[in-house]
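K.L.:
Supplied in structure tokens, the structure appears directly below.
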Amino acid sequence: ATTEHPSIASMAFWRAYSFNTFIYLRNILIKPPFIMYYLTFLLPKLQHQLENVGFKVEIKDDLFTPPFQSLKLVIATKK
């Protein structure tokens, strides 16, 4: 599941951005690194990447309930 890039004015954006910053700083100080970032695997870039390597991409909206209603299910099938 992924989503569109949240608006810079939204709390979702700032929560994700703050988390990414914290993890980046944590990884400078503590080894081994913790690899988990938000805002890096979003539509439509994901869709284009999958299609460019030969996948048929289907995106399903409105499957998740609050607070996850902005998420979309991505189904990629090799052509």
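The values are calculated or read from the model by the stated rules, or taken from the named source; none is laboratory data. Fair warning: this is a prediction, and the values are worked out from it, not measured in the lab. FYI the Cβ positions are ideal-geometry reconstructions off the backbone, even for glycines, and counts take in every protein chain you see.
K.L.:
Thr65 passes all but one of (1) loosely packed, with under 11 Cβ neighbours inside 10 Å; (2) of a type in the set (S, T, N, Q); (3) touching a Phe, Trp or Tyr at 6+ places or on another chain (Cβ under 9 Å); (4) modelled with pLDDT under 95; which number fails?
P.N.:
Only one criterion in (1) loosely packed, with under 11 Cβ neighbours inside 10 Å; (2) of a type in the set (S, T, N, Q); (3) touching a Phe, Trp or Tyr at 6+ places or on another chain (Cβ under 9 Å); (4) modelled with pLDDT under 95 is unmet by Thr65, namely (3).
K.L.:
Contact list please: Cβ distance under 7 Å, first residue in the stretch 56-72 and touching a residue at least 40 places away in the same chain (Cβ under 8 Å), second residue among the basic types (Lys, Arg) and part of a strand (DSSP E or B), pairs at least six apart or on different chains.
P.N.:
Cβ pairs passing all conditions: Lys72/Lys60.
K.L.:
Please tell me if Leu29 is closer than 18 Å to Ala1 by Cβ and of a type in the set (A, V, I, L, M). So that I can check it myself, show each step before the final result.
P.N.:
Values: closer than 18 Å to Ala1 by Cβ: no; of a type in the set (A, V, I, L, M): yes.
Here the answer is no, as Leu29 does not meet what is asked.
K.L.:
Quick check on the stretch 30-45. Is at least one of its residues over 14 Å from the mean Cα position of the chain (by Cα), outside any loop (DSSP other than H, G, I, E, B) and either of a type outside the set (Lys, Arg) or closer than 23 Å to Leu73 by Cβ (or both)? Outline the logic, then answer.
P.N.:
Taking the stretch 30-45 as the starting set, the residues that turn out to be over 14 Å from the mean Cα position of the chain (by Cα) are 30-34.
In the following step, the residues that additionally are outside any loop (DSSP other than H, G, I, E, B) were identified as none.
No, that holds for no residue.
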